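Below is one structure; the comments refer to it alone.
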Amino acid sequence: MKIEYRPETAGNHETRMRIRGGGLTSNTFITLRGTGIQAPSIAAPRALAPTNVSATSYIANWEDTENTDVDYYIVTRTIYAADGSTSTVEEQAHGDDYSFYISGFKGSESYTVRAIKGNLSSDESNSIIVREASISEVDAEVGFGISIEEGGLRVITTETLADLCIYEANGRTAARLTNVANNTRIALNRGLYIIRAHGVKPLKAIIK
């Protein structure tokens, strides 16, 4: 008979197993002991705002203060198309680098970074939105921005927004929406607007 005992948490563990039947005249107890070891892990980097943003390229940046001897980093780009669809591209950066040149930028995307060490992979970092000059405002740290378009604006977000309020310069509510997804287009008249959403800093938009 083969018995295998696997503790599910770190530290020293002990349990007793009772065996009966099979010709045994009395209950037999076996003490099982085992030591649980914390599974190795690797911390997620922290993505930073991009630099050198142009119409076709930018530099993705991150910092990694928790890990040493990282083999390489994976930069995952989420590209947002005008029709509302998304596509994903993965780029590989050297383990000694904390930035990566991105080409093929088309004006609307976000990126996350994860660290790879041996067969270990960290969780994804925070998501950073990359803006082109046509995007007037962006809160990159939380993945929320707006793009000014003719007759209104388009919401750029890495996560669905529970609520979104748009105010005119005089404080009057121009629009209030819930469950706002990426690439949602909002029609607005000409003027200055303040856009507020829960958990992000207010953004400003000027519709011409």
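Structure summary
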quantity	calculated
Unmet requirement for residue 111, which otherwise passes all of (1) assigned to a loop (DSSP other than H, G, I, E, B); (2) in contact with a strand residue (DSSP E or B) (Cβ under 9 Å, 6 or more places away or on another chain)	(1)
Evaluation of residue 147 against (1) assigned to a loop (DSSP other than H, G, I, E, B); (2) of a type in the set (S, T, N, Q); (3) at pLDDT 80 or above (one fails), failing number	(1)
Pick from the stretch 150-159, criterion part of a strand (DSSP E or B) and more than 20 Å from the chain's Cα centre (by Cα), ranking: surrounded by the most Cβ atoms within 10 Å (Cβ to Cβ)	153
Answer from 84, 23 - the residue that is surrounded by 11 or more Cβ atoms within 10 Å (Cβ to Cβ), at positive phi and modelled with pLDDT under 90	84
Options 154, 114: the member that is among the basic types (Lys, Arg) and more than 13 Å from residue 80 (Cβ to Cβ)	114
Failed condition for residue 162, given (1) assigned to a strand (DSSP E or B); (2) modelled with pLDDT of 90 or more; (3) surrounded by fewer than 20 Cβ atoms within 10 Å (Cβ to Cβ)	(2)
Pairs with Cβ under 8 Å, 6+ apart, first in the stretch 107-121 and over 15 Å from residue 94 (Cα atoms), second among the acidic types (Asp, Glu) and in a loop (DSSP other than H, G, I, E, B)	107/132; 108/132; 112/124
Residues of the stretch 185-206 that turn out to be surrounded by fewer than 17 Cβ atoms within 10 Å (Cβ to Cβ) and closer than 19 Å to residue 150 by Cβ, as a count	8
Close pairs (9 angstrom Cβ cut-off, 6 or more residues apart or separate chains): within 14 Å of residue 146 (Cα to Cα) in the stretch 167-184, exposed (fewer than 11 other Cβ atoms within 10 Å of the Cβ) anywhere	183/83; 183/85
Strands (runs of 3 or more DSSP E) wholly inside the stretch 27-105 containing at least 2 residues that are over 30 Å from residue 10 (Cβ atoms), of a type in the set (Ser, Thr, Tyr) and more than 16 Å from the chain's Cα centre (by Cα)	57-63, 99-103
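The values are calculated or read from the model by the stated rules, or taken from the named source; none is laboratory data. Keep in mind that what you see is a predicted model, and the values were worked out from it rather than measured. Every residue, glycine as well, gets a Cβ built from its backbone with ideal geometry; the counts of neighbours run over all protein chains shown.
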